[in-house]
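So the structure is just underneath, and the comments pick up after that.
Only the coordinates and a few stated rules stand behind these numbers; no lab work does. This structure is a prediction, so every number in the text was calculated from the model and none was measured. Please note: Cβ atoms are built from the backbone with ideal geometry, for glycine as well, and neighbour counts cover all protein chains shown.
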Amino acid sequence: MTEVSDGSPEAELPVTSKQASELSVGDVIVADVGQQLRVDDVSSFKAGKHGSVKVLVRTTDTVTGMQRQSSYVAGEKVRVVAS
């Protein structure tokens, strides 16, 4: 077990990477600062004729409950908790 900065113990979770286009509802993204964000909604769009596909992800922080929205390029690697 590892200690988190707020003093609460947290089990170390196995982390893997996934392409942003492969994300699905229920996946848990691990942010750079160690936050775990549960995926609530995933949509994709192509901006323009020659633009690459973008993936728009709506997430909820598993600790604070704050919602946020992020965008990724479809082929970008995202760190997720292995299921």
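Note on P(r) over Cα pairs in 5 Å bins from 0, in percent: of the candidates (i) 3, 14, 23, 23, 15, 10, 6, 2, 1, 1, 0; (ii) 3, 12, 21, 18, 13, 8, 6, 7, 6, 4, 2, 1, 0; (iii) 3, 11, 10, 12, 15, 13, 11, 11, 11, 4, 0, the value calculated from this structure sits at (i).
Over segment 15-81, Cα pairs under 8 Å with separation of 6+ residues give a relative contact order of 39 percent. Simple rule: put +1 on each Lys or Arg Cβ and -1 on each Asp or Glu Cβ in segment 15-81, find the dipole, and look at Gln67, Ser17, Leu37; the Cα lying farthest toward the positive end is Ser17.
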